[in-house]
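Just so it is clear, none of the values below were taken in a lab; they were calculated from the coordinates. What you see is a predicted model; the values in this text were computed from it and never measured. We place every Cβ from the backbone using ideal geometry, glycine too, and count neighbours over all the protein chains shown.
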Amino acid sequence: MIVAMKKTAIIVQSKDAQGAVLKLRSLGTLHVEYNRPPASTNINALKEDISTVESAINIVSGPAVNKMPVAGQLKLTDWKSVAGHIVDLAKRLEQLSAYSLVIAGLIREWERWGDFDPQEIEILQGKGIYTGFFQVPLKEISLIPAGVVAKEVFRRSGFAHYIIISQGKPELSFQQIPPPKMGLMKMRARAYEDQRASEKIAEEICGHLVHLQALAEAKKDLEGQLEFHQALEGMGSQDNIAYLSGYIPIEQVGNLEKAAQQEQWGLLVRDPSDEETPPVLLRNPHWVRLIDPVLKMLGISPGYRELDASPVLLVFFSVFFGILIGDAGYGLAYLLLTAWFQKKKGINPRNADVFYLFYTLSSCAIIWGALTATFFGQSWLVGCGIKPLVPALNEPAIMQKFCFFIGALHLSIAHAWRGILKFPHPSCLADIGWIAVLWVSFYMAGALILGQAFPAFGLPAALCGIALVLFFSEPRRNPLKGLVAGFVSVTFGLSFMSAFTDVVSYVRLFAVGLAAVAIADTTNAMAAGLGAGVTGFSAGVLVRIVGHALNIVLGPIAILVHGVRLNVLEFGLNHTGLTWSGERYKPLQESA
């Protein structure tokens with residue numbers, strides 16, 4: 001649920017402003033709302049320091065350099081110089097990498113010409129002996145004058161490439177190729193030197209892995225300092241009075257009042273007005289909190305005055321994961337990877353929800369794979385005589401209808417929830433009408449897409465549902481005015497078509513899940529077709545590893561594209577009315 005907030009303002013003498021912010025930071029309950037844009041030299045300097053240390057952390061922990069085993073972490077007395085040095089090393093590495101591409105291109109361009117020293121060409125030109133490189137069209141070779149020495153080096157793309165030597169510079173109409181600044185041998189030597197220098201820089205960057213934890217702690221401390229200075233500079237002031245406003249959870253008001261009494265602050269606490277947008281603090285049972293990592297990753301949160309749909313999101317997101325992955329083998333792989341990461345990273349209150357979420361999702365994929373007899377593919381299990389626990393889930397028509405059913409159920413829950421919250425206001429009847437429209441859409445999808453009979457009650461149910469929506473979306477004392485307002489509110493009837501397409505869109509669960517199984521079966525078939533000998537068996541194992549690994553990597557992408565869309569857009573935005581515009585509650589607090 002979304003925790004109720006109180007709007008509060010703390011009033012102090014200007015000379016006590018810093019102490020008041022320190023005290024509020026120790027309380028760790030006030031979500032600060034700046035009374036003026038916080039700006040100062042300290043804030044700018046802290047932002048620059050945070051940017052530097054963050055860049056250093058990303059460089060050391062990123063994939064750009066080869067990792068070496070680290071025995072332990074070292075403390076830092078001067079993180080700034082270390083972080084700055086790491087950033088400078090990375091810039092040098094980037095410059096060498098860019099120049100190595102240039103050198104490699106020059107080597108490819110000039111290796112056909114052979115090795116020569118451009119400085120010797122300049123010396124010869126100083127003595128009146130001209131040497132040039134030309135690109136001559138094949139049909140114009142005969143136009144090379146007889147008084148020069150012309151040596152054809154190679155031909156490419158309809159051109160002959162010549163070295164032309166003469167006494168003085170000849171008058172030639174051919175395209176001249178400027179010589180490089182160094183010869184081929186020096187280019188290769190420079191490329192080798194740059195490669196060695198890059199390797200040494202990469203090794204030096206890797207050596208700073210022992211400082212990774214100290215850099216992370218420095219970043220956290222800097223962020224705490226930045227929050228403090230922003231809160232201090234963001235205080236309003238008038239004459240000798242300073243004030244700081246913000247939001248606080250309703251159950252923390254007593255602690256704030258006690259602190260205000262002890263510190264002799266002026267304190268104002270009130271309910272937020274309808275125009276204000278308090279931050280959102282979600283407080284749910286442990287099993288519901290498992291969906292929080294997904295919402296944080298997407299950077300979304302329900303608005304303060306909206307529904308907290310976390311329980312529904314978690315249940316359906318888990319079901320979608322199981323269907324989209326659809327393979328017990330892949331689910332087992334995700335389960336083992338999660339266990340490995342837990343063993344490597346350890347579990348704590350900050351990451352526990354992430355691990356438990358992945359255990360839950362992996363288990364859903366395993367269960368669905370057991371229901372459909374899919375374990376790193378399906379066809380080989382069927383060939384071995386292993387039958388699915390629910391064979392109907394492998395029938396395309398039944399599975400498509402099941403997806404339509406999930407869609408109608410999911411979206412009906414959205415309107416049922418909205419209707420319960422609106423009750424006893426008449427507008428709750430509009431949501432009952434939408435539920436009727438959704439289930440008529442379910443039967444209509446079966447009739448239009450699967451060729452099933454449309455039930456006799458479908459048309460009356462549709463008419464009743466549409467009537468409830470039109471009359472009660474914007475209820476008025478005058479029914480005719482209510483009808484017009486309702487018709488306008490559903491965008492001139494287009495929302496009814498949108499309801500049908502939203503239900504049909506859940507068929508993507510079937511389509512993507514079927515594609516994953518098809519890739520797995522194709523991989524197995526390719527591997528089996530390579531033969532039974534040592535070579536064929538080895539090649540088959542490699543094909544299976546690559547094919548199934550590709551499916552395992554693509555699976556989470558399908559979840560983000562389809563599973564998240566169905567929850568956030570179809571369920572959340574289109575039918576529950578969630579704008580996902582809430583700001584997360586982030587109190588001013590001391591660094592842990």
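Coupling constants for the stretch 203-211 follow from the phi torsions by the Karplus curve (6.51 cos²θ - 1.76 cosθ + 1.60, θ = phi - 60°), and in residue order they are 5, 5, 5, 4, x, 8, 4, 5, 9 Hz; glycine and proline get x. Between Glu120 and Ala525, the distance separating the two model label sites (each 7 Å from Cα on the Cα→Cβ line) works out to 6.3 nm. What angle, in degrees between 0 and 90 and rounded to the nearest 10, separates the Cα long axis of helix 41-61 from the longest principal axis of the Cα atoms of the chain? Approximately 70 degrees, to the nearest 10. Rounded to the nearest 10 degrees, the angle from helix 479-489 to the longest Cα principal axis of the chain is 20 degrees.
By other beta-carbon atoms within 10 Å, ranking Ser166, Ser412, Ser157, Ser581 with the fewest at the front produces Ser157, Ser581, Ser166, Ser412.
May I ask you to compute the full-extension gain from Lys220 to Ile241, defined as 0.36 nm times their residue separation minus their alpha-carbon distance, rounded to one decimal in nm? Let's see the in-between values first.
On the way: separation 21, 0.36 × 21 = 7.56 nm, distance 3.13 nm.
Going from the current span to full extension adds 4.4 nm.
Put simply, the amide H of Ala160, placed in the peptide plane, has neighbours under 5 Å in Val136, Leu138, leaving out anything fewer than 5 places away on its chain.
In order along the stretch 358-372, the phi-based Karplus estimate (6.51 cos²θ - 1.76 cosθ + 1.60, θ = phi - 60°) of 3J(HN,Hα) comes to 5, 4, 5, 5, 4, 5, 5, 5, 5, 5, 5, x, 5, 5, 10 Hz; Gly and Pro are listed as x. Here's how it looks for Leu267: its modeled amide H is under 5 Å from those of Ile11, which are all 5 or more places away or on a different chain. For the stretch 87-156, the convex hull drawn through the C-alpha positions has a volume of 122 cubic angstrom per residue. Largest first, the extents of the alpha carbon coordinates of the chain on the three principal axes equal 105, 78, 56 Å. Hydrodynamic analysis of the stretch 116-182 uses the Kirkwood radius over alpha carbon pairs. Inserted into Stokes-Einstein at 4 °C and 1.567 mPa s, it gives a translational diffusion coefficient of 104 µm²/s. Across the stretch 239-316, the mean sequence separation of Cα contacts (distance under 8 Å, 6 or more residues apart), normalised by length, yields a relative contact order of 25 percent. A Förster radius of 60 Å, combined with the Cβ-Cβ distance separating Trp380 from Thr579, puts the computed FRET efficiency at roughly 0.80. Along the stretch 139-156 the Karplus relation, 6.51 cos²θ - 1.76 cosθ + 1.60 evaluated at θ = phi - 60°, assigns HN-Hα couplings of 6, 10, 4, 5, 7, 5, x, 6, x, 10, 8, 10, 10, 6, 9, 6, 10, 7 Hz to successive residues, with x for each Gly and Pro.
Can you give me the relative contact order of the chain as a percent, contacts being Cα pairs under 8 Å and 6 or more apart? Show your work: numbers first, answer last.
Working: 815 pairs, mean separation 118.7, N = 592.
Once divided by the residue count of the chain, the mean separation gives 20 percent.
Fewest neighbouring Cβ atoms within 10 Å first, the residues Cys403, Cys206 line up as Cys206, Cys403.
Distance from the Cα centroid of the stretch 366-389 to that of the stretch 548-592 is 30 Å (rounded to whole angstrom).
If the cut-off is a Cα-Cα distance under 17 Å, which aspartates and glutamates reach Lys344, setting aside same-chain residues fewer than 8 apart in sequence? Within the straight-line limit of under 17 Å, Lys344 reaches these aspartates and glutamates: Asp353. Computed extension gain for Lys186 through Val253, at 0.36 nm per residue and net of the alpha carbon distance, reaches 16.7 nm.
Which FRET efficiency, nearest 0.05, do His425 and Leu459 yield, Cβ-Cβ r, R0 35 Å?
Numbers: r = 29 Å, r/R0 = 0.82.
E between His425 and Leu459, to the nearest 0.05, is 0.75.
Listed by chain and number, the aspartates and glutamates whose alpha-carbon sits under 14 Å from that of Lys387, ignoring those within fewer than 8 places in the same chain, are Glu395. Round to the nearest 10 and give me the degree value, 0 to 90, for the angle of helix 17-27's Cα axis relative to the longest principal axis of the chain. Result, in degrees: 80.
Binning at 5 Å from 0, report for the stretch 1-132 what percent of all alpha-carbon pair distances ends up in each bin. P(r) for the stretch 1-132, in whole percents per bin: 2, 6, 8, 10, 9, 8, 9, 8, 8, 7, 6, 4, 3, 2, 3, 3, 2, 1, 0.
Starting from the Cα of Leu337, move 7 Å in the Cα-to-Cβ direction to define the label point; list residues of the stretch 533-569 whose amide nitrogen is under 13 Å from there. Output list for this probe position: 548-560. With a simple spin-label model that places each label point 7 Å from the Cα along the Cα-to-Cβ direction, the separation between Ile107 and Ala370 comes to 5.7 nm.
Close amide H partners of Asp308, meaning residues 5 or more places away or on another chain with modelled amide H under 5 Å apart, are Ile2. Helix content alone sets the calculated 222 nm mean residue ellipticity of the chain: runs of n ≥ 4 DSSP H residues at -39500 (n - 2.57) each, divided across all residues, give -19000 deg cm²/dmol.
The calculated FRET efficiency for the pair Ala392 and Leu267, based on their C-beta separation and a Förster distance of 60 Å, comes to about 0.40.
Taking Lys80 as the anchor, which lysines have their alpha carbon closer than 20 Å to its alpha carbon, excluding any fewer than eight residues away along the same chain? Once the sequence-local lysines are set aside, what remains near Lys80 is Lys47, Lys91, Lys219, Lys220. So which of Lys296/Lys422; Lys75/Lys345; Lys75/Lys200; Lys7/Lys296; Lys6/Lys422; Lys200/Lys586 end up more than 32 Å apart, counting from Cα to Cα? Checking Cα-Cα distances, Lys200/Lys586 exceed 32 Å. Working ranking of peptides 358-371, 288-301, 262-275, 314-327 by packing, defined as the average number of other Cβ atoms within 10 Å per residue, highest first, is 314-327, 358-371, 288-301, 262-275.
For the stretch 217-329, the fraction of C-alpha pairs more than 25 angstrom apart is 50%.
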